[in-house]
Structure formats: C-alpha cells, structure tokens
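Coordinate-derived values only; no laboratory data. Here the structure is a predicted model, which means the values were calculated and not measured. Heads up, the Cβs are rebuilt from the backbone with ideal geometry, glycines too, and the neighbour counts pull from every protein chain shown.
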Amino acid sequence: MIHHIVCFRFKPDTPAEAVEQAGAALLAMQGKIPEVRSVWWGPNLAAGVTEYSHVLTVVVDDTAALARYLGHPMHLETVARYIVPLREKRLAIDVEY
C-alpha cells in the first residue's frame, strides 16, 4: 500500500470555513475514485506546528494506482477548485507500508 501524504499551509487570510469545505471535498473522493482505498484529512496535531496546518492522507494499492488517482478528473477538479485558491505551500510524501 502507498500512503500519499500531503501537508498544507494555507494563505494567512483563509477563512476556517473554506478549509473545512476543502477537507470535505477531499474526503468525498473516497468511494468515487476507484483507486482510493481510504482518505483521511485533519489538522496537524504536532506540538508548536507553524509550517503546515493540515494533512491529507490517501491510501492506494501501488504506484500505478497512485498515478491514476493523481490524474483522475475528480482529483484534478477538487484540487483546482478547493485547494489551489487557498494554498500557500504544500509538501507531498509517498511512502509504502
């Protein structure tokens, strides 16, 4: 299994409601994108976190499934509509376990 982990820092003026909507849109990918086994979204709970406030984890079977997920129209639309306008910075990590 590949865990696609993405850490987000949002623009300073981003309303909390917009972050909540973005999270709901990301969570909605589960069950609609065949490659997605699970999706988790939430605040970064690390003590003293200032760099990245929220984390997305998407679990897929393998690197081929990850590529299909990343290119899936729903993923692309969700990111373009809900994430890009709010995002200041992101860090993506893919690990297998």
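Numbers below:
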quantity: Table column - 3J(HN,Hα) (Hz), the stretch 76-86, Karplus curve with 6.51, -1.76, 1.60, x for Gly and Pro; calculated: 4, 5, 4, 5, 5, 7, 10, 9, 3, x, 9
quantity: Computed magnitude of the charge dipole of the chain (debye, nearest 20; Cβ of K, R +1, Cβ of D, E -1); calculated: 160
quantity: Helix-derived mean residue ellipticity, 222 nm - over the chain, DSSP H n ≥ 4, -39500 (n - 2.57), to 500; calculated: -8000 deg cm²/dmol
quantity: Net charge of neighbours whose Cβ lies under 9 Å from the Cβ of Lys11, counting Lys and Arg as +1 and Asp and Glu as -1; calculated: 0
quantity: Formal net charge of residues neighbouring Glu96 (Cβ-Cβ distance under 12 Å; K, R +1; D, E -1); calculated: -3
quantity: Convex hull per residue volume in Å³, alpha carbons only, for the stretch 2-96; calculated: 89
quantity: Order by protection proxy (mean Cβ within 10 Å, highest first), peptides 85-92, 57-64; calculated: 57-64, 85-92
